[in-house]
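Report on the following structure.
The values are calculated or read from the model by the stated rules, or taken from the named source; none is laboratory data. Since the model is a prediction, treat every value here as computed from it, not as a measurement. Methodologically, a virtual Cβ is constructed for each residue, glycine included, from the backbone with ideal geometry; neighbour enumeration extends over all protein chains shown. Ligands, DNA and RNA are excluded from the accessible area calculation, which covers all protein heavy atoms including side chains. Shrake-Rupley method; radii C 1.70, N 1.55, O 1.52, S 1.80 Å.
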Amino acid sequence: MDKANSKSVARLEARVSPEIKALWQKAADLEGRTMTDFVIASVQAAALKAIEQQKTLKLDLEDSEAFAIALLNPPPPNPALKAAALRYKQKMKG
């Protein structure tokens, strides 16, 4: 095979029980894929899901920390907030 025309690939080997292999083969057959295509697609989907879940968890944690910090150390009120508070007080008096 000519190196210029070859695709770069990495090989992965896994030892599984005959039962697992038969299960994978049945699923691949049902989807009209080779077992290799089925396994690659399934592992890729699982990897992307795991990465997305980790990102979500990390962002949720970072957002929670930022929210707690803002509650514990609020910035001083800006002019718009002061004006809104004054309007509210005036409305509540009348």
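Quick one: what Rg and Dmax do you get for the chain from the alpha carbons, in Å?
28.7, 88
Using a 1.4 angstrom probe and counting only protein chains, how large is the accessible area of L71 in Å², to 10?
L71 exposes around 110 Å² with every protein chain in place.
Per residue, how much accessible surface does segment 45-93 expose to a 1.4 Å probe? Answer in Å², no decimals.
Here the residues of segment 45-93 average 96 Å² of exposed surface.
Any idea which of S8, L59, I69 is furthest toward the positive side of the dipole for segment 1-69, if Lys and Arg beta-carbons carry +1 and Asp and Glu beta-carbons -1?
Of the options given, the answer is S8.
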